[in-house]
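Since the structure comes first, as structure tokens, the remarks are kept for the end.
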């Protein structure tokens, strides 16, 4: 009974010291790191051992780590009156002061840091709505995650070298000289990193944007962006990996706002005033539609007759809309304007060409068989301009030369 009382007296004295609490916290952290490291090894061995042996190994490892931590905690708190645990904790502590023990701790701590970075990055979720904030969050998430992982690897490598007895300071000095020599031959890599840094700093584009690089050489949606490369996904699924240093000009189709160029051609025989009224009606109809109104940033702008082309007269309106909505709105406009022009009896032109043979011209005109073609009433009687037969897609259209 007196022995138990002496142990309690020692514990009550030691537990008031701040350094004891700090030591207990650090040993608990090291114990958890080693436990996770052991679980990772057991997981790797599970496919190669009997299935009933894996749970036994997990429980045995948990018991081993728990008893070891309790012993080390007894030594850290300096409770020599505890019979077995104090000596065991002293032996374990001395063992971890050697190279092998330090190396295990370094690897385990690096493993925890690596998994912690992945866990924290997974909790950063960008908004579902496409805007500049969601673009920056999604982009910086990947950049910060990759940068922190590089830092963990570098610090872990330096600590591991120190643990096995190598002087990391002199080694780093030698590596820096080698790095300077390699740097002269890696100027393109340095250029990639600098360009990537300014792309992120100035928010030129980010993950989720649709861009065209170097005046039409490559186009697609930005799927991944870091300091070195930009990864573009084309509409046909092709992934383009572009070093940032090779990007000279960037055309961003989803920056802040976008525009629909709502253009339609009519024949020279058409009533232009009536065609303009139809264009105005379709534009207003789209603007006031509950399904499309939230995409518009301003009322449609009517530009009128903008071109007298060889095959017809071009009428145009402009819609200022939310970024990345211009393709879906453009497709819906094309559907509605075609039906509206048919209802109004206004013809959209078809190609007419003249071919000359020698001195006498022979005119070839592409015409429709009026007997076979249905009249305007039959064309539009079963069509609902305001409600499409299938739900329209909000996906984008391919940029020039993308597919």
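Since every read-out is calculated from the coordinates, none of them should be taken as a lab result. Because the structure is predicted, anything quoted here is derived from the model rather than measured. Quick reminder, even Gly has a Cβ in these numbers, built from the backbone with ideal geometry, and neighbours come from all protein chains shown.
If you plug the beta carbon distance of residue 49 and residue 146 into 1/(1 + (r/R0)^6) with R0 = 51 Å, you get a FRET efficiency near 0.90.
Counting beta carbons within 10 Å around each of 305, 106 and listing the fewest first gives the order 305, 106. Ordering 150, 266, 252 from the fewest to the most neighbouring beta carbons within 10 Å gives 150, 252, 266. Under the simplified labelling scheme, the residue 246-residue 259 pair shows an inter-label distance of 3.2 nm, with each label point 7 Å from Cα along Cα→Cβ.
Placing dummy labels 7 Å off each Cα toward the beta-carbon, the span from residue 157 to residue 19 is 3.6 nm. Annotation: peptides 69-77, 86-94, ranked by per-residue average of other Cβ atoms within 10 Å with the highest first, follow the order 69-77, 86-94. Between the range 193-255 and the range 38-72, how many Å separate their Cα centres? Taking the Cα centre of the range 38-72 as reference, the centre of the range 193-255 is 46 Å away. Taken over the C-alpha atoms, the range 193-252 has Rg and Dmax values of 10.2, 31 angstrom.
For residue 40 and residue 70, FRET efficiency with R0 = 35 Å and r from the beta-carbon atoms, rounded to 0.05? For residue 70 and residue 40, the calculated efficiency is 0.95. Annotation: Cα Rg of the range 229-285 relative to the compact-globule expectation 2.2 N^0.38 Å equals 1.95.
At full extension, residue 189 and residue 339 could sit 48.5 nm farther apart than now, given 0.36 nm per residue minus the alpha carbon distance.
With r defined as the distance between the Cβ atoms of residue 114 and residue 318 and R0 fixed at 51 Å, what FRET efficiency is calculated, to the nearest 0.05? That pair, residue 114 with residue 318, gives E of 0.50.
Gain on full extension, evaluated as 0.36 nm per residue between residue 311 and residue 284 minus their Cα-Cα distance, stands at 7.0 nm. Exposure proxy for 81, 66: other Cβ atoms within 10 Å of each Cβ, ordered fewest to most, give 66, 81.
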